[in-house]
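A.B. asks: Below: one structure in structure tokens.
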Amino acid sequence: YNDYKHEEFSKCNCIPPYSAEASISTRGDLNPANGTYELDVMGHRNHGAIDYKGTNYQLFKNLRFKAWGGPTYDPLPPFNWATTDIQAKHYGQPTVWQFKEMETKWETTL
């Protein structure tokens, strides 16, 4: 999840007045390259949260968890190597990072 344009804790003394680096699941690629930020690490850069793994009591009792590959999207556009200006080696990676949540289902029990 990342709604950095509307989250209170994403606001900063920056131009624009928010940073996608100050959100729950950071995505530095979303910050404008020509923005002005209080700290360089709050600006446009090759940095972000890449996955989620979590459980709750019901899942835990069955040794299960949920996982979701990222970077985060929805309500944001998925990360896309074909449209980003980020320069980094990405051999073997998909062009568009838009994965669905999955839940583990082990074949054995303890």
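The values are calculated or read from the model by the stated rules, or taken from the named source; none is laboratory data. It should be emphasised that the depicted structure is a prediction, and the values quoted were computed from it without experimental measurement. Here the Cβ is made from the backbone with ideal geometry for all residues, glycine too, and neighbour counts use every protein chain on show.
A.B. asks: Considering only residues that are part of a loop (DSSP other than H, G, I, E, B), under 18 Å from Tyr52 (Cβ atoms) and among the charged types (D, E, K, R), which ones fall in the stretch 1-36? First the steps, then the outcome.
C.D. replies: If we filter the stretch 1-36 for residues that are part of a loop (DSSP other than H, G, I, E, B), which is where we start, we get 1-7, 12-14, 16-17, 19, 23-26, 31-35.
Filter once more, so that each one left must be under 18 Å from Tyr52 (Cβ atoms): 1-4, 7, 23-26.
Once the filter is applied, which keeps residues that are part of a loop (DSSP other than H, G, I, E, B), under 18 Å from Tyr52 (Cβ atoms) and among the charged types (D, E, K, R), the stretch 1-36 yields Asp3, Glu7.
A.B. asks: If you go through the stretch 80-92, how many residues are out of contact with any Asp or Glu (no Cβ under 9 Å at 6 or more places or on another chain) and surrounded by 10 or more Cβ atoms within 10 Å (Cβ to Cβ)? Reasoning before the result, please.
C.D. replies: Going residue by residue through the stretch 80-92, those that are out of contact with any Asp or Glu (no Cβ under 9 Å at 6 or more places or on another chain) are 80-83, 87-92.
Next, only the ones that are surrounded by 10 or more Cβ atoms within 10 Å (Cβ to Cβ) stay: 80-81, 83, 90.
The total comes to 4.
A.B. asks: Given Asp85, Asp51, Asp74, which one is among the acidic types (Asp, Glu), out of contact with any Lys or Arg (no Cβ under 7 Å at 6 or more places or on another chain) and at pLDDT 95 or above?
C.D. replies: Numbers: Asp51 fails: at pLDDT 95 or above; Asp74 fails: at pLDDT 95 or above.
None of the other options fit; the residue is Asp85.
A.B. asks: Let me ask another. With the requirement that a residue be in contact with a strand residue (DSSP E or B) (Cβ under 9 Å, 6 or more places away or on another chain) and either touching a residue at least 60 places away in the same chain (Cβ under 8 Å) or aliphatic (A, V, I, L, M) (or both), what does the stretch 2-54 give you?
C.D. replies: Asn2, Ile15, Ala20, Ala22, Leu30, Ala49, Ile50, listed by residue number.
A.B. asks: Among the residues of the stretch 56-69, are any within 23 Å of Leu30 (Cβ to Cβ) and either more than 20 Å from the chain's Cα centre (by Cα) or assigned to a loop (DSSP other than H, G, I, E, B) (or both)?
C.D. replies: No: the stretch 56-69 contains no residue that is within 23 Å of Leu30 (Cβ to Cβ) and either more than 20 Å from the chain's Cα centre (by Cα) or assigned to a loop (DSSP other than H, G, I, E, B) (or both).
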